[in-house]
Amino acid sequence: MVAITLPDGSVRNFEGSVTGAELAADIGPGLAKAALAVRVGDNMLDLSTLFDVDTAVSVITSRDEGALELLSHDTAHVLAEAVLEMYPGAQVTIGPSIENGFYYDFSLDTPFTPEDLEKIEARMHEIVERDEVISREVWDRGEAIEYFKKKGQSYKAELISDLPEDEAITVYKQGGFIDLCRGPHLPSTGKIGPHFKLMKLAGAYWRGNSNNEMLQRVYGTVWPDKKKLKQYLNMLEEAEKRDHRRLGRDMSLFHLQDVAAGSVFWHPHGWTLYRTIQNYMRARLEVAEYKEVNTPQLVDRVLWEDSGHWEKFRENMFIAESEDRMLAIKPMNCPCHVQIFRQGTTSYRDLPMRMAEFGSCHRNEPSGALHGLMRVRAFVQDDAHIFCTEDQITSETKLFCELLLSVYKDFGFDEVIVKFSDRPEVRAGEDATWDKAETALKEATNAAGLEWELNLGEGAFYGPKLEFVLRDTIGRDWQCGTLQVDFVLPDRLDANYIGEDGEKHRPVMLHRAILGSFERFIGILIEHYAGKFPLWLAPRQVVVATITGAADDYAASVKVALDEANIRTELDLRNEKINYKIREHSHAKVPAMLIVGGREAEDGTVALRRMDGKDQEILALDEAVARLKEEAVVPLA
């Protein structure tokens, strides 16, 4: 007798062993039809999995967590099957599921074209309609290598050769296609359904190594129903309209070029936006009792060796040499902040010590990974480190989370997801230290009243962290802020404070950032608002435009009134038609225009026109200035 316990606590008994598919059928015909896989603990398994001992099992349908990942991975296999049917000389490599879809990398002499993707997608629909049974087999390692070599699939043979000796070699069959895979998979290709689309082509080096062959990567997406696919495609269309690189050109905010790859050339309007955000953050930090510091750009490798960054982060550092000394351009600020902390004698009465820096950092990102403001080599963090006692971790975490959520709200982000990232595989410090740090951060996060989800193995190499993920207006998630509890670095760099007992103690170091980097956060803001910033953020808040040259003097006086109200204002006195001026400034996302002509000059009025508005409002100059001044107030500064 085998007892299967279901998620609701009920138990179903079977005379002998039972598969996941049989379990679903026993529960009901509806579930048997909808079942995609089963879950035992944290592991998702094929419906063909056989249970011969008492087990707690849940049946997975398209509505359950993990189902979309399963659909994506199976659709990647269908993509590979379609390519091999249409291009028999192709070699398949790897094809994982990723966020919102999947990809598969192919080795093929002939480059794919967008037209090829349409044909491949059509063949994929045929394979889904065939409803081919998907089955799992365990093969002998040597036989598997020989099979794939005979098929001309040398990449698969290489993958098998590199697997650990004690790992089972599993393959999945569907129709005439066989692929190396750990699984799990759907019971048949028909379960995928028709709601998928191939999205784009890209290049990718085999195993991410630029010394290896360049492969062709095909990206796709799949969803459980037509509505979700349409929503996703609409989101992508909207995201393209909001692309910060295009809007950056339209609004004359910044540009990038190869002479300084990964670094930003800020134009006057972009730098105004940058300084507005930095001034806002500086004001918030002063109220929160942070002390601002500034640390060197070039630092001897000795410090990075002592901190552990040289071993863990060396490949991402830019290196310089001077007088037989090797220096690194700092990729982060934390070791330098410890050097400030170590100057003089610090008492427990001085803690917590909140040390902030708008720190300019450089990281040697691969050129292929650079992406506008979102991924750069030179950036400025709104970085800070809180040196405190263990007893202060909870109170400092609560204060930081309150500050962070308030800042995000001011920038228009009300939905924030919190992820708890625990110890990574490669890390510094003993397990006992990590146990203490993880426990302290969990307790502090719970005390702050925040709900969080586990982000397994994604902590920093020196400590666990919280990641704060913002959701923008079109539903995309952006990881920005972090809080990390670090017992390791103060020990490695010999940081001490004098405790109440008169003895030396190690401080705890809380690494924290809210925006993450100014460059990336500005890119996120541009796309979140589609360039249509609230008045307090807009680099150009108001343009005063004339209808006729006779109003030039009055327009200049209007600008003076706005300047006195600290409203960022520009004059447009060009000899152009007013409709042309309106279109141009609307395209540049200027929030408000004050339009003046002869009548306005005579009456002491202005015509207030909003960026997206078709109508304009005639106001007395004083009233218009007062209204705009109120709208332009920096929140909570």
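The values are calculated or read from the model by the stated rules, or taken from the named source; none is laboratory data. This structure is a prediction, so every number in the text was calculated from the model and none was measured. With ideal geometry, Cβ positions are generated from the backbone for all residues, glycine too; neighbour counts draw on all protein chains shown. Only protein heavy atoms, including side chains, enter the accessible area calculation; ligands, DNA and RNA are left aside. Shrake-Rupley method; radii C 1.70, N 1.55, O 1.52, S 1.80 Å.
Taking segment 478-552, which GluC sites (Glu not before Pro) meet the DSSP loop condition and have no more than 10 other C-beta atoms within 10 Å?
GLU500, GLU503
For the pair LEU163/GLN278, report the inter-label distance in nm, with labels modelled 7 Å from Cα in the Cβ direction.
Reported label-point gap for LEU163 and GLN278 is 5.3 nm.
Need the full-extension length gain, LYS230 to GLU390, defined as separation in residues times 0.36 nm minus the C-alpha distance. One decimal, nm. All intermediate terms of the calculation are to be shown ahead of the outcome.
Working: separation 160, 0.36 × 160 = 57.60 nm, distance 5.01 nm.
Full extension of this stretch gives 52.6 nm more.
Evaluate the distance, in nm, between pseudo-label points positioned 7 Å from the Cα of ALA550 and of ALA260 along their respective Cα→Cβ axes.
With each label placed 7 Å out from Cα toward Cβ, I get 4.8 nm.
Give, in nm to one decimal, the length gained when the segment between ARG574 and ASP306 is fully stretched (0.36 nm per residue of separation minus the Cα-Cα distance). Kindly include the intermediate steps, with their values, before the conclusion.
Numbers: separation 268, 0.36 × 268 = 96.48 nm, distance 6.10 nm.
Length gained between ARG574 and ASP306: 90.4 nm.
Pop the C-beta distance of GLU425 and ARG471 into the FRET formula with R0 = 22 Å and round what comes out to the nearest 0.05.
Details: r = 29 Å, r/R0 = 1.32.
Plugging the Cβ-Cβ distance into 1/(1 + (r/R0)^6) gives 0.15.
Summarise the accessible area of the chain (1.4 Å probe, protein heavy atoms) by the percent that is carbon and sulfur.
47
What accessible area per residue, rounded to a whole number of Å², is obtained for segment 56-207 using a probe radius of 1.4 Å?
48
Using a simple charge model, +1 on the beta-carbon of Lys and Arg, -1 on the beta-carbon of Asp and Glu, nothing else, what dipole does segment 166-310 show about its Cα centre, in debye to the nearest 20?
So the dipole magnitude of segment 166-310 works out to roughly 920 debye.
What is the list of residues in segment 13-57 whose amide nitrogen lies under 12 Å from a point 7 angstrom out from the Cα of GLU69, following Cα to Cβ?
42-45
For segment 40-164, list log₁₀ I(q)/I(0) at each q in 0.13, 0.15 Å⁻¹, using the Debye formula over Cα point scatterers of equal strength and ignoring solvent, two decimals each.
The Cα Debye sum returns log10 ratios of -0.69, -0.90.
What is the distance, in nm, between label points placed 7 Å from the Cα along the Cα-to-Cβ direction at VAL133 and at ALA239?
Those two pseudo-labels are separated by 3.9 nm.
On a full-extension model of 0.36 nm per residue, what is the gain between ARG325 and ASP494, subtracting their alpha-carbon distance, rounded to one decimal in nm?
Details: separation 169, 0.36 × 169 = 60.84 nm, distance 2.31 nm.
Stretched fully, the ARG325-ASP494 segment lengthens by 58.5 nm.
With +1 on each Lys and Arg Cβ and -1 on each Asp and Glu Cβ, how big is the dipole of the chain about its Cα centre, in debye rounded to the nearest 20? All intermediate terms of the calculation are to be shown ahead of the outcome.
Working: 74 positive and 105 negative charges, 353 e Å.
Using Cβ point charges on Lys, Arg, Asp and Glu, the chain gives about 1700 debye.
For the chain, what is the mean residue ellipticity at 222 nm derived from helices alone (per DSSP H run of n ≥ 4: -39500 (n - 2.57); sum divided by total residues; nearest 500 deg cm²/dmol)?
Helices in the chain give a 222 nm mean residue ellipticity of -11000 deg cm²/dmol.
Which value, in nm² and rounded to one decimal, describes the direction-averaged projected area of the C-alpha convex hull of segment 506-620? Before the final figure, lay out the partial values.
Values: hull surface 39.0 nm².
Mean orientational projected area (segment 506-620, Cα hull): 9.8 nm².
Students often get this wrong: which residues of segment 477-512 have the backbone nitrogen under 18 Å from the point 7 angstrom along Cα-to-C-beta of TYR348?
Answer for segment 477-512: 495-509.
Binning every alpha carbon pair distance of the chain at 10 Å from zero, what are the percents per bin?
P(r) for the chain, in whole percents per bin: 3, 12, 18, 21, 20, 15, 8, 3, 1, 0.
Accessible area per residue for segment 477-595 in Å², computed with a 1.4 Å probe and the full protein assembly in place, what is it?
37
Round to the nearest 0.05 the FRET efficiency obtained for TRP536 and ILE98 when R0 = 35 Å and r is the Cβ-Cβ distance.
With a Förster radius of 35 Å, E is 0.40.
Could you work out the longest stretch of the chain that avoids the trypsin sites (Lys or Arg not before Pro) located in DSSP loops with at most 11 other Cβ atoms within 10 Å?
64-576
Over segment 275-319, average the accessible area per residue using a 1.4 Å probe and give it in Å², no decimals.
56
Suppose R0 equals 60 Å. What FRET efficiency, 1/(1 + (r/R0)^6) with r the Cβ-Cβ distance, do GLU564 and ASN446 give to the nearest 0.05?
For R0 = 60 Å, the calculated efficiency reads 0.75.
With a sphere of radius 15 Å drawn around the Cβ of ASN575, what net charge do the other residues whose Cβ falls strictly inside it have (Lys, Arg +1; Asp, Glu -1)?
That works out to -1.
Taking the Cα of ARG123, stepping 7 Å toward and past its beta carbon, and measuring to each backbone N in segment 177-213: which are under 13 Å?
Of the residues in segment 177-213, 177 have backbone N under 13 Å from the label point off ARG123.
Note the angle between two axes, namely the Cα long axis of helix 393-410 and the longest principal axis of the Cα atoms of the chain, as a number of degrees from 0 to 90, rounded to the nearest 10.
Helix 393-410 and the main axis of the chain meet at about 70 degrees.
Using +1 at the C-beta of Lys and Arg and -1 at the C-beta of Asp and Glu, which of TYR87, LEU47, PHE177 has the Cα lying farthest in the positive direction of the dipole of segment 45-177?
Going by the charge dipole, the pick is TYR87.
Return the whole-Å distance between the Cα centroid of segment 577-610 and the Cα centroid of segment 253-314.
One Cα centre to the other: 38 Å.
Any idea which of ALA320, TRP304, GLY344 is furthest toward the positive side of the dipole for segment 240-368, if Lys and Arg beta-carbons carry +1 and Asp and Glu beta-carbons -1?
Going by the charge dipole, the pick is GLY344.
Roughly speaking, what is the centre-to-centre gap between segment 475-519 and segment 78-97 when only Cα atoms are used, to the nearest Å?
Cα centres, segment 475-519 to segment 78-97: 47 Å.
Compare the Cα positions of GLN541, GLY459, ILE474 along the charge dipole of segment 445-563 (+1 at Cβ of Lys, Arg; -1 at Cβ of Asp, Glu; about the Cα centre) and return the one farthest towards the positive end.
The Cα lying farthest towards the positive end belongs to GLN541.
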